[in-house]
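These notes concern the structure reproduced below.
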Amino acid sequence: MKVSIVDLGVGNLRSVEQAVRTVSPNSEVLVTSEADQVQSADKVVLPGQGAIGSWLRELDARNLRVAVINALDTKPVLGICVGMQALFSFCEEDGGQAGLGLFNGEVRHFRQFHPQQAEQRISIPQMGWNQVRQVQSHPLWQGIKNDAHFYFLHSYCANLSTEENTAVMVGSANYHHEYVAAVAYKNVFATQFHPEKSHDDGLQLIRNFCGWDGITV
């Protein structure tokens with residue numbers, strides 16, 4: 001099995017690579033910015049850390065947009081942090097960015113959801129461990145208890161339109177309000193948290209991804 005980890009110059013690429021190698025030692029694991037390596041992979045990981053604007057710019061600068069969009073249509077894909085946020089229709093970071101539009105929702109700064117006086121009592125970015133509630137079952141939750149803790153580092157969070165919540169949101173977290181922690185559609189699963197930094201439960205999620213055929217039922 002070939003797993004391609006898309007290199008856009010951002011994110012914990014080596015941490016993700018090491019996590020995949022740990023749970024799937026017989027796989028060919030590549031950190032790559034080559035479109036043909038993404039096209040030929042059996043599974044694709046979209047990691048990300050930092051700002052959405054640079055993530056999207058590098059996607060085009062490295063001529064990877066077509067390969068990534070094709071992967072989202074045809075093979076198991078795991079999005080992580082900014083790699084999840086990029087799958088939404090819009091992110092307000094960096095002056096507002098149109099995402100890839102797989103999920104109909106918006107990614108906004110935490111301050112948009114709290115009055116000014118409340119913001120003074122919360123720390124932004126959210127950095128550290130938080131519980132994830134499994135909103136609905138999914139093969140990637142196998143072997144992971146509901147309300148397990150995962151590692152988060154982000155200032156922006158994704159929110160879905162009400163009618164879509166029950167269809168695609170598979171995990172939620174609460175940081176002074178409930179937001180999307182994990183989202184899935186067909187062959188795509190994406191998390192706001194960093195499974196590669198989340199110890200045993202994070203490794204279990206990556207192990208589940210490596211064994212997943214992209215079918216949710």
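Just to be sure before I move on: is T191 modelled with pLDDT of 95 or more, closer than 30 Å to M1 by Cα, among the hydroxyl-bearing types (S, T, Y) and touching a strand residue (DSSP E or B) at 6+ places or on another chain (Cβ under 9 Å) in the structure I sent?
Considered against the rule, which asks whether it is modelled with pLDDT of 95 or more, closer than 30 Å to M1 by Cα, among the hydroxyl-bearing types (S, T, Y) and touching a strand residue (DSSP E or B) at 6+ places or on another chain (Cβ under 9 Å), T191 comes out as yes.
Considering only residues that are part of a helix (DSSP H, G or I), touching a residue at least 40 places away in the same chain (Cβ under 8 Å) and closer than 19 Å to V68 by Cα, which ones fall in the stretch 7-19?
Hit for the stretch 7-19 is V16, nothing else.
Condition first: over 14 Å from the mean Cα position of the chain (by Cα) and more than 20 Å from I206 (Cβ to Cβ). Can you find one or more residues in the stretch 138-147 that meet it?
No; the residues of the stretch 138-147 include none that is over 14 Å from the mean Cα position of the chain (by Cα) and more than 20 Å from I206 (Cβ to Cβ).
Find all pairs meeting these conditions: Cβ atoms under 7 angstrom apart; at least six residues apart or on different chains; first residue within the stretch 21-32 and without any contact (Cβ under 8 Å) to a residue 12 or more places away in the chain; second residue surrounded by 14 or more Cβ atoms within 10 Å (Cβ to Cβ).
Short answer, once both residue conditions are applied: R21/V29.
One line per residue, one yes/no per condition, for (1) of a type in the set (D, E, K, R); (2) touching a Pro at 6+ places or on another chain (Cβ under 9 Å); (3) surrounded by 16 or more Cβ atoms within 10 Å (Cβ to Cβ):
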site: A71; (1), (2), (3): no, no, yes
site: P76; (1), (2), (3): no, no, yes
site: V82; (1), (2), (3): no, yes, yes
site: L87; (1), (2), (3): no, no, yes
site: D94; (1), (2), (3): yes, no, no
site: A98; (1), (2), (3): no, no, no
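Is it the case that D73 is in contact with a strand residue (DSSP E or B) (Cβ under 6 Å, 6 or more places away or on another chain), acidic (D, E) and either within 16 Å of G214 (Cα to Cα) or modelled with pLDDT under 95 (or both)?
No.
Can you tell me how many residues in the stretch 185-217 are of a type in the set (A, V, I, L, M, F, W, C) and under 11 Å from P76 (Cβ atoms)?
6
Counting residues that are surrounded by fewer than 21 Cβ atoms within 10 Å (Cβ to Cβ) and polar (S, T, N, Q), which strands (runs of 3 or more DSSP E) fully inside the stretch 138-214 reach at least 2?
Answer list for the stretch 138-214: 169-174.
Among the residues of the stretch 47-104, write down those that are among the small types (G, A, S), out of contact with any Cys (no Cβ under 7 Å at 6 or more places or on another chain) and assigned to a loop (DSSP other than H, G, I, E, B).
Matches in the stretch 47-104: G50, A51, A86, G96, G101.
For the stretch 34-70, name all the residues that are within 20 Å of G214 (Cα to Cα) and of a type in the set (S, T, N, Q).
Q37, Q39, S40, N70
Looking at the structure I just gave you, is S4 touching a residue at least 12 places away in the same chain (Cβ under 8 Å) and surrounded by fewer than 17 Cβ atoms within 10 Å (Cβ to Cβ)?
no
Hey, among R57, R111, R121, R62, which residue is buried (at least 16 other Cβ atoms within 10 Å of the Cβ) and either free of Cβ contacts under 8 Å to residues at least 24 places away in the same chain or not polar (S, T, N, Q) (or both)?
Being buried (at least 16 other Cβ atoms within 10 Å of the Cβ) and either free of Cβ contacts under 8 Å to residues at least 24 places away in the same chain or not polar (S, T, N, Q) (or both) holds for just one of R57, R111, R121, R62, which is R62.
The values are calculated or read from the model by the stated rules, or taken from the named source; none is laboratory data. Keep in mind that this is a model prediction, so the values were computed, not measured. A quick note on method: Cβ atoms are made from the backbone with ideal geometry, for glycine too, and the neighbour counts reach across all protein chains shown.
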